[in-house]
Amino acid sequence: MAEKKQSLLLRYMSSTDHKEIGIMYLIFALVMGIVGGFLAGMIRMQLWEASGGVVSPELYNQIVTMHATIMIFFVIIPAMAGFGNYLVPLMIGARDMAFPKLNAFSFWLLIPAAIIGIASFFVEGGAAAGGWTSYQPLTSAQYSGTPGVDMWIIVVHLTGASSILGAINFIVTIFNMRAPGMGFMKMPLYVWAWLTNAFMILVGTPVLAGAVTMVLFDRHFGTGFFRPSEGGDPVLYQHLFWFYSHPAVYIMIVPGFGAISHIVAAFSRKKVFGYHGMVYAVAGIGVLGFMVWAHHMFTTGLSPAVRAFFAFMTMLIAVPTGVKIFSWLATMWGGTLKFTVAMKFALGMISLFVIGGISGVWLGNVPVDIQLHDSYFVVAHLHYVLFGGSVMSLLGAAYFWFPKMSGKYLDEKLGNIVFWCMYIGMSMTFLLMHWTGMEGMARRTYVYRPQFEGMNQIMSFGYVFMLLGGILFCWSLVKAIRKPVTTPLNDDPWNVNDIQGSLEWKTSSPPPKENFKTIPVVP
Amino acid sequence: MFKRKLPWLALALVPAAVYASEPLTSWLFNPVTPVAHDVRETFKIMLGLTLPFLLLPQILLAYAIWKFNEKRGHQPATFHENVPLEIVWTVVPALVLVAIAIPAYSTLKKIEVPPKSDLVVEVIGHQFFWEYRLPRYDIGYANEPLVVPADKIITLNLTSVDVIHSWWVPSFGVKQDANPGRITHAWFKAPEGHYKGQCAELCGPLHGEMWIDVEVVSEQEFEKWLEERMGSAASAPPDSAHSMMLSPEPESEVVNG
């Protein structure tokens, strides 16, 4: 047993096992979550008073930009990928991903990306400060001549390459390595979510890579893709950017949808309602997600016909999303609900995501959007979707699958406190932003009108709850990992196999190398 | 016991905060222009039609949490499909969306198609101030409030000489990007008063303090203001023939390029 002698660190660093890579993704996301959360705290400190004063205007823009960049590219997407890497091969009864070494490479691309991203704060001129959207010409050589933006572009390239390679791996794995008997319409919803997601990444991410490459060329090689004086157009950048970055918000939530379906079914003790409808809904979101990007650009001067089209497509995407919400509720209907922490996060996610979804419909309505665009209403909406949707579903997934990954439970008592801290903190911070936005508070400003001060202080106070929740979550992880295994968990700790257990519950907890003693056959 | 009350206490903080801040005099800004009024009406219609979809899942969720709690000890149901129901919850929201889209489109047309213009103002974004030009009177000035007559159709042609800015005055219902190399349009008709706004597109370090002030004055006051402007040597009028045809970027000083 040479394996035993290797240190744990070395084993993980050289691993091509999808489970170990999945865990590395999750640890990476957690560590970066601390960094991104710290930056969020700086923002809330700065906005405690209307006149600001904690950081300089330059640093404030850098913090806002990097908070978003880190949370999106280093926290939510890798955390989703972590669960995906761990669970998808298990759920389809495969021994590993199709390309294990490529899988490891996808993960390791993130490490230099993270180092470059964080290091950009310490170079001359600081990190990129043009918002995570990096609109032209603000981030052109003329207006941001320092290396921060170049480093941001490299971060986007590395994380994008990581996503694309991962997506190829998921598609090949899901297409070719399903256990005997598992037709597409027998795949667990989580696998369906990942298949849709992988296609979205494959279509969208290269466009973003192209757009930032053009920015790099404009900055250093004298091209003028986005420079009006050279015949270029800054609005073109927005089209390219949002062609990826709108689908990206679905890339950040669709795997979460999959996880919620599993959790809600498990703790309602019922099969998930409307499986086929759910599959079509996810696929529909995947397709429609690419036809809505210009709703971020309603104030740029697009023609009314174009705006009307994108407005309608944007509102239409609420239909498949609504199908998912109603199906989850119907799954609960008549069930026997058990309120574990995972279930609480799932229910919390549903209730918060409905708010984020409806405010998305409001924002799709052009005349209303023109008023709300780039106001705090948008900040509220996107955090309801990304925190209330993605982060809550990730935390639910963590509580649900931690026993499978480690053979131990996460502390449920502590977990309850984590849940309420997150739910209350998130609501306190982001609910009021709807009001300040409607009353005219602009986003990405380091000072604001004094009349919004009271509400901003409540928002900043809400951050403390989320911080506490985050600390307690990390602590409960450490506590659980350090606790020795006394009695190993059985294969199916939540007793889901008799309802609609997917294959990961048919192997030991944690699963052995190569996942299954014999490849399961799906009846 | 305290743990159980904590969520409710936190919820109570929300109305408290709304009360503590300045009274919210209006739902969605304080509309003063025809467009802003229409936007608010569109918003109300949309709110009325979508609020049920916001509340219904929350109510169903709360009811399910109460009713189907395992502590009640009943057996879970076994149904997991109901095609008519699924068709209903797909079709009904789709129809509601069509119902929202119709008033939205008519308001959009109102925003897009201004009535006959009484005064054209050219708005030029700079890092970090606004320049205004009144071509008809050969007046140009920067970093001062925009002065316009009350109850007249004011049309704006917007552009920028550096990065993208966005001219946003909430109570006018106007938010329009000023893009370098392009000219965009907006219009408003406002009663007398002083209105505030700010740049709405991140444009650099001092973006947060790129405020907008608009003085809407009576016609007589506007005439007086025009005379003062045209008489004073301090305001150097721009060459109106060249107005709006600015060279957007002086390329000589490209840093790092």
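The values are calculated or read from the model by the stated rules, or taken from the named source; none is laboratory data. Note that this is a predicted model, so its numbers are computed, not measured. A quick note on method: Cβ atoms are made from the backbone with ideal geometry, for glycine too, and the neighbour counts reach across all protein chains shown. When the accessible area is computed, the model is the full protein with side chains, heavy atoms only, and any ligands, DNA or RNA have been set aside. Shrake-Rupley method; radii C 1.70, N 1.55, O 1.52, S 1.80 Å.
Summing Cβ point charges (Lys, Arg +1; Asp, Glu -1) relative to the Cα centre of chain A gives a dipole of roughly 1520 debye.
In the range A:349-386, the residues whose accessible area drops by at least 40 square angstrom when the other protein chains are added to the isolated chain are A:Val354, A:Ile358, A:Trp362, A:Asn365, A:Pro367, A:Val368, A:Ile370, A:Gln371, A:Asp374; the probe is 1.4 Å and only protein heavy atoms count. Take each residue of peptide B:93-101, count the partner chain Cβ atoms within 10 Å of its Cβ, and average: the result is 6.
For chain A, with all protein chains in place and a probe radius of 1.4 Å, 71% of the accessible heavy-atom surface sits on carbon or sulfur.
Spin-label pair B:Leu56-A:His220: with each label point 7 Å from Cα along the Cα-Cβ axis, the two points sit 5.4 nm from one another. Charging the Cβ of each Asp and Glu at -1 and of each Lys and Arg at +1, and nothing else, the dipole of the range A:325-454 about its Cα centre rounds to 400 debye. Counted over all Cα-Cα pairs of chain A, pairs farther apart than 44 Å make up 12 percent. A dipole drawn for the protein assembly as shown from +1 and -1 charges on Cβ atoms has a positive end, and of A:Val149, B:Leu51, A:Gln500 the residue lying farthest that way is A:Gln500. Tell me, how many Å apart are the Cα centres for the range A:432-447 and for the range A:87-141? Taking the Cα centre of each part, the range A:432-447 and the range A:87-141 sit 30 Å apart.
May I ask you to give the solvent-accessible area per residue for chain A, in square angstrom, as obtained with a 1.4 angstrom probe?
Using a 1.4 Å probe on heavy atoms only, each residue of chain A averages 32 Å².
Pairs exceeding 26 Å between alpha-carbon atoms, taken from A:Lys101/A:Lys344; A:Lys413/A:Lys517; B:Lys44/B:Lys175; A:Lys270/A:Lys517: A:Lys101/A:Lys344; A:Lys413/A:Lys517; A:Lys270/A:Lys517. Distance between the modelled labels on A:Met185 and B:Trp211, one decimal in nanometres: 6.4 nm (7 Å Cα→Cβ projection).
Based on the Cα gyration tensor of the range A:302-364, what are the three equivalent ellipsoid semi-axes, each the root of five times an eigenvalue, rounded to whole Å and given largest first?
33, 12, 6
Peptide B:64-73 is shielded by partner chain Cβ atoms: per residue, an average of 5 of them sit within 10 Å of its Cβ.
How large is the Rg to Rh ratio of the range A:172-285 when both quantities use alpha carbon positions and Rh follows Kirkwood?
Checking Rg against Rh, the ratio lands at 1.19.
Karplus-based coupling profile of the range A:488-497, in residue order and whole Hz: x, 5, 6, 4, 10, x, 9, 6, 9, 4, with θ = phi - 60° in 6.51 cos²θ - 1.76 cosθ + 1.60 and x standing for Gly or Pro.
On association of chains A and B, roughly 8800 Å² of accessible area becomes buried (total for both chains; probe 1.4 Å). Heavy-atom accessible surface of A:Met13, to the nearest 10 Å², is about 100 Å², with a 1.4 Å probe and all protein chains retained. Counting other Cβ atoms within 10 Å, which GluC sites (Glu not before Pro) in the range A:1-109 have at most 12 and lie in a DSSP loop? Hits after loop and neighbour filter: nothing returned. Rg over Rh for the range B:165-228 works out to 1.04, using Cα positions for both radii and the Kirkwood form for Rh. For the residues A:Ile34, B:Ile65, B:Ile139, a 1.4 Å probe over the protein chains yields an accessible-area ranking, largest first, of A:Ile34, B:Ile65, B:Ile139. For the range A:46-126, a Kirkwood hydrodynamic radius built from all Cα pairs, placed in the Stokes-Einstein relation at 25 °C and 0.890 mPa s, yields a translational diffusion coefficient of 159 µm²/s.
Taking the Cα centre of the range A:1-74 as origin and assigning +1 to Lys and Arg Cβ atoms and -1 to Asp and Glu Cβ atoms, the resulting dipole is close to 320 debye. Kirkwood's formula applied to the C-alpha pairs of the range A:119-239 gives a hydrodynamic radius of 16.4 angstrom. Sequence-distant contacts, meaning Cα pairs under 8 Å at least 6 residues apart, place the relative contact order of the range A:212-371 at 26 percent.
When the protein assembly as shown is described by a simple charge dipole with +1 on each Lys and Arg Cβ and -1 on each Asp and Glu Cβ, the residue from A:Phe38, B:Met230, B:Trp211 located farthest towards its positive end is A:Phe38. In summary, the lysines within cross-link reach of B:Lys224, defined as a Cα separation below 21 angstrom excluding same-chain residues under 8 places away, comprise B:Lys152, B:Lys189. With the full set of protein chains in place, find how many percent of the accessible area of the range B:176-235 is carbon and sulfur; take the probe as 1.4 Å. Roughly 50 percent, rounded to a whole number. Kirkwood analysis of the Cα pair distances in the range A:401-497 returns a hydrodynamic radius of 16.1 Å.
Structural descriptor for chain A: relative contact order 17 percent, calculated from alpha carbon pairs under 8 angstrom and at least 6 residues apart. For the residues of A:178-184, the average number of beta carbons from a partner chain within 10 Å of their own beta carbon is 0. Computed over the alpha-carbon pairs of the range A:1-160, the distance histogram in 10 Å steps reads 11, 33, 28, 17, 9, 2, 0 percent, short to long. Whole-Hz Karplus values for the range A:7-14 come out as 5, 4, 4, 5, 4, 5, 5, 9 Hz, taken residue by residue from phi with 6.51 cos²θ - 1.76 cosθ + 1.60 and θ = phi - 60°; glycine and proline positions read x. Think of the protein assembly as shown as having a plus end and a minus end, set by charges on the Cβ of Lys, Arg, Asp and Glu; of A:Ile174, A:Ala114, A:Phe353, A:Ile174 sits farthest toward the positive end of this dipole. Take every pair of alpha-carbon atoms less than 8 Å apart whose residues are at least six positions apart; their mean separation over the length of the range A:412-523 yields a relative contact order of 29 percent. For the pair A:Phe121 and A:Ile481, a Förster radius of 22 Å applied to the C-beta separation gives a FRET efficiency near 0.10, rounded to the nearest 0.05.
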